[in-house]
Amino acid sequence: MISRAHMWLLNALKFLAGLVVLMIFVMIVLDVGATLLNISPWQGTIGFVEYGMLWFCMLGAPWLARIKGHVFIDALTQLFSASVQRVAARFAYLVAIIGSSAFCYYSTILFFEAFETEQIDERGIEMLNWWLYAPMPIAFFLLAIEFLRFFLGFDDMYGSRTDVREGM
């Protein structure tokens, strides 16, 4: 049941990431269309697109880790023996867990600090700065969980890459 709920959450975040990309597309088309029609375009498009790209990356990252769709280079590890490959994989998982956890911790601090102090980001329009940090703690926490799954042996990042096609 926990696994199904976790997968539902990853898919929901993936869906939100897709909506963000769609909104970015619409905003750019409207901005260019307004310019072509000699209408003053909305000044917030650039800020919205910049935030949207961050949100898209953060919301989609845990799902990509789950289906092994992220980019990693395993050419060097393929030259190793099977036992060395397992040790290298576990080391990579451990580094990813520590890194994701550290980013989760610091992005949570940044989020609450920006929220409490009501910091403003000025890019064409004024936006509350905590919107920038909002997806980061969630994404890095879920990434740490995904790499912990690999580390504990529930899955193998270096295993069959056919999972990417099946996950999509």
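Using a simple spin-label model with pseudo-atoms 7 Å out from Cα toward Cβ, SER81 and THR35 lie 6.0 nm apart. Taking amide H as placed 1.01 Å from N in the peptide plane, the amide H of ASP121 sits under 5 Å from that of MET127, LEU128, ASN129, each at least 5 places away or on another chain.
For region 2-167, the percent of C-alpha pairs falling in each 5 Å distance bin, counted from 0 to the bin holding the largest distance, reads 1, 8, 13, 16, 16, 13, 11, 8, 6, 3, 2, 1, 0. With a Förster radius of 41 Å, plug the Cβ-Cβ distance of TRP42 and HIS70 into 1/(1 + (r/R0)^6) and report the FRET value to the nearest 0.05. The calculated FRET efficiency here is 0.75.
Global dimensions of region 56-123 from alpha-carbon coordinates: Rg and Dmax equal 17.4, 54 Å.
Against the longest principal axis of the chain, how steep is helix 2-36, in degrees 0 to 90 to the nearest 10, with axes from Cα atoms? Between helix and principal axis, roughly 30 degrees.
Assuming R0 = 45 Å, what is the FRET efficiency of LEU148 and ILE125, from their Cβ-Cβ distance, to the nearest 0.05? Provide the component values of the computation, followed by the final result.
Working: r = 39 Å, r/R0 = 0.87.
For R0 = 45 Å, the calculated efficiency reads 0.70.
Readers should treat all values here as calculations from the given coordinates under stated rules, not as data from a laboratory. What you are looking at is a predicted structure, and each value in this text was computed from that prediction instead of being measured. Cβ sites come from the backbone with ideal geometry, for glycine too, and all protein chains shown count toward neighbours.
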